[in-house]
Amino acid sequence: MRKPFIAGNWKMHKTVEESTALVKAFREALGDFSGCDVAVCPAFPALAAVRGALTDSAIGLGAQNMHWETQGAFTGEVSPLMLQGLCDYVIIGHSERRTLFGETDDMVNQKLHAAFDYGLKPILCVGENLEQNKAGETEAFVGGQVRAALKGITAEQARQITIAYEPIWAIGTGVPATGEDANRIIGQTVRGTLANLYDDDLAQTVRVQYGGSVKPDNAAEFMSQPEIDGALVGGASLKASDFAAIVKATLENR
Ligand code: 13P
């Protein structure tokens, strides 16, 4: 049985003070929980403060990105060494990184390797754009992204990855995929590719989230799907009560 995993990607929102207030409100709204993993991913400047606000909490902490090198002349970048011990998770290859900041499959692959070198648990994002979706290219494209990202990743490492299937056209649009479609892409394409690269057992072990306009009122539709193991939530994770409601919907629909 895969344990569900709900992560909140706060993107470029919230000052340090606002981040601390948000995570405190979220802790309170959620209360004690068991049966799923939960994490928040604030912007870099807020990581340390949010870590502090999460003392004695089961809620994990993630970064939204990192460079693959340990240190060096990379102005403006943050390294895996800097995140080690501070974060549990790191989001890698989010579509906004890929489309707005030119991240390639090769860079995503290097970041994945770096995450394992430094004991960070990666959340690998994949997903097609609207044009590819309309052209019937989703399976080939998403399968290709998974394949490229996992180049040289051992089976032991692959088992620890969370993959987030986030169709780009569903991100921030209020138009999510249907639970059925997301379930099919995750089951056939994401797990299918994992089975191909490794084996069936591994494909059934890896947690795969859905992301893209997940809200309290549609969370149950996704969480009740057999192939979907949680969500990577953007906008709705910025409101403590909404994000707590999504976690609760997850626990009630497994
Ligand atoms: P929204 O939930 O705002 O659509 O964002 C999804 C996302 O990109 C999470 O990484």
Regarding region 198-205, can at least one residue be identified that is surrounded by fewer than 24 Cβ atoms within 10 Å (Cβ to Cβ) and on the phi > 0 side of the Ramachandran plot?
no
When you check residue 47 against the structure, is it surrounded by fewer than 18 Cβ atoms within 10 Å (Cβ to Cβ) and either within 16 Å of the ligand (Cβ to nearest atom) or under 17 Å from the mean Cα position of the chain (by Cα) (or both), yes or no?
no
Could you list, in sequence order, the residues of region 116-148 that are among the hydrophobic types (A, V, I, L, M, F, W, C) and either within 16 Å of the ligand (Cβ to nearest atom) or in contact with a Lys or Arg (Cβ under 8 Å, 6 or more places away or on another chain) (or both)?
123, 124, 125, 126, 130, 142
Working only within region 75-107, note down all residues that are in contact with a helix residue (DSSP H, G or I) (Cβ under 7 Å, 6 or more places away or on another chain), within 16 Å of residue 47 (Cα to Cα) and buried (at least 20 other Cβ atoms within 10 Å of the Cβ).
80, 87, 90
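Out of the residues in region 147-170 that are of a type in the set (Val, Ile, Thr) and buried (at least 22 other Cβ atoms within 10 Å of the Cβ), which is nearest to residue 127 (Cα to Cα)?
So the first thing to find is which residues in region 147-170 are of a type in the set (Val, Ile, Thr), and the list is 153-154, 161-163, 168.
Pick out the ones that are also buried (at least 22 other Cβ atoms within 10 Å of the Cβ) and you get 161-163.
Working: 161: 16, 162: 14, 163: 10 Å.
It comes out as 163.
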Could you say whether any residue in region 164-175 is within 16 Å of the ligand (Cβ to nearest atom), at positive phi and over 16 Å from the mean Cα position of the chain (by Cα)?
yes
Restricting region 237-251 to residues that are of a type in the set (Gly, Ala, Ser) and over 29 Å from residue 203 (Cβ atoms), which is surrounded by the fewest Cβ atoms within 10 Å (Cβ to Cβ)?
241
Within the bounds of region 223-235, is there any residue that is touching a residue at least 60 places away in the same chain (Cβ under 8 Å), out of contact with any helix residue (DSSP H, G or I) (no Cβ under 6 Å at 6 or more places or on another chain) and among the hydroxyl-bearing types (Ser, Thr, Tyr)?
no
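Readers should treat all values here as calculations from the given coordinates under stated rules, not as data from a laboratory. Here the structure is a predicted model, which is why all the values come from computation and not from measurement. Every residue, glycine among them, receives a Cβ derived from its backbone with ideal geometry; neighbour counts consider all protein chains shown.
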